[in-house]
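Participant: Can you keep this structure in mind? I'll have questions shortly.
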Amino acid sequence: MPSTFLMIKPEAVKAGLQGQIIDILLKNRFALRKMKLFRFEREKAGEFYGIHKDKPFFADLMEYITSGDVIGMELEKDGDVVTLLRELVGATDPADARPGTIRYMYGRSLQANAVHASDSPESAEKELAIIFPEE
Ligand code: CMP
C-alpha cells in the first residue's frame, strides 16, 4: 500500500496536541506504520528541508524545527495517499486552511503550522528515508 510522511512540529508537541492529531489521522483511515519522537540535529534538518535552502525563511525554519521534539510518522492509505493526506492537513498558512483541516484547527502561524506532510511521492520516499534510515 502506498505510504507518505507526516511530522507533528515542535509547537504542537509542546502544546500536547499529538494525541488529537493522531486521532484525526486514524479516524480518516490513515494506517500508522511507523512513529518516532525525536529532536532534529541542525544538519539533518537542513537535509530534510534542503528544497528550501535558498528561501528567505530557511534560517528561521532551521531555528524553529530544531527548537523542540517532533513526531515523525509513516502513514498508509489506499489510493493517492500523498494528496489525501495533504487535503486533510490543509493549506500551508493556517489563515488559508479550510475548516476541518488539521492546520485550521491547530496551526498558529505560517511557521508554527502544526504539521508537515510530504508534497509528492518522491518527497515522501526521500523524507521517510531520512527519518527512518534504519528500515
Ligand atoms: P512545511 O510544509 O513544513 O514546509 C516548509 C515550511 O516552511 C512550511 O511548512 C512553513 O511552516 C515554513 N514557512 C515559513 N515561511 C514560509 C513561507 N513564506 N512560505 C512557505 N513556507 C514557509
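Each reported figure results from applying straightforward, stated rules to the coordinates on display, with no laboratory input. Predicted model only: the values in this text are computed from it and were never measured. Every residue, glycine as well, gets a Cβ built from its backbone with ideal geometry; the counts of neighbours run over all protein chains shown.
Participant: Which numbered condition trips up residue 107, out of (1) at negative phi; (2) in contact (Cβ under 8 Å) with a residue 40 or more places away in the chain; (3) touching a Gly at 6+ places or on another chain (Cβ under 8 Å)?
Facilitator: (2)
Participant: While we're looking at this one, here's another question. If I filter segment 2-18 for residues that are away from the ligand (no atom under 12 Å from the Cβ), in contact (Cβ under 8 Å) with a residue 24 or more places away in the chain and of a type in the set (Ser, Thr, Tyr), do I get at least one hit?
Facilitator: yes
Participant: Would you pick out the residues in segment 65-122 that are under 29 Å from residue 41 (Cβ atoms), out of contact with any Leu (no Cβ under 9 Å at 6 or more places or on another chain) and β-branched (Val, Ile, Thr)?
Facilitator: Matches in segment 65-122: 65, 66, 82.
Participant: Right, here's the next one. Can you tell me which of (1) under 19 Å from residue 21 (Cβ atoms); (2) more than 8 Å from the ligand (Cβ to nearest atom) is the one residue 123 doesn't meet?
Facilitator: (1)
Participant: Which of the residues belonging to segment 30-70 are among the hydrophobic types (A, V, I, L, M, F, W, C) and within 14 Å of the ligand (Cβ to nearest atom)? Outline the logic, then answer.
Facilitator: Kept after step one, since they are among the hydrophobic types (A, V, I, L, M, F, W, C), are these residues of segment 30-70: 30-32, 35, 37-38, 40, 45, 48, 51, 57-59, 61-62, 65, 70.
Residues satisfying the conditions are 40, 45, 48, 51, 57, 58, 59, 61, 62, 65, 70.
Participant: With the requirement that a residue be near the ligand (Cβ under 10 Å from one of its atoms) and under 14 Å from residue 25 (Cβ atoms), what does segment 87-101 give you?
Facilitator: The answer is 89, and nothing else.
Participant: Of all residues being more than 19 Å from residue 52 (Cβ to Cβ) and of a type in the set (A, V, I, L, M, F, W, C) in segment 102-120, which is nearest to the ligand (Cβ to nearest atom)? Just the residue, please.
Facilitator: Looking at the filtered set, the residue picked out is 102.
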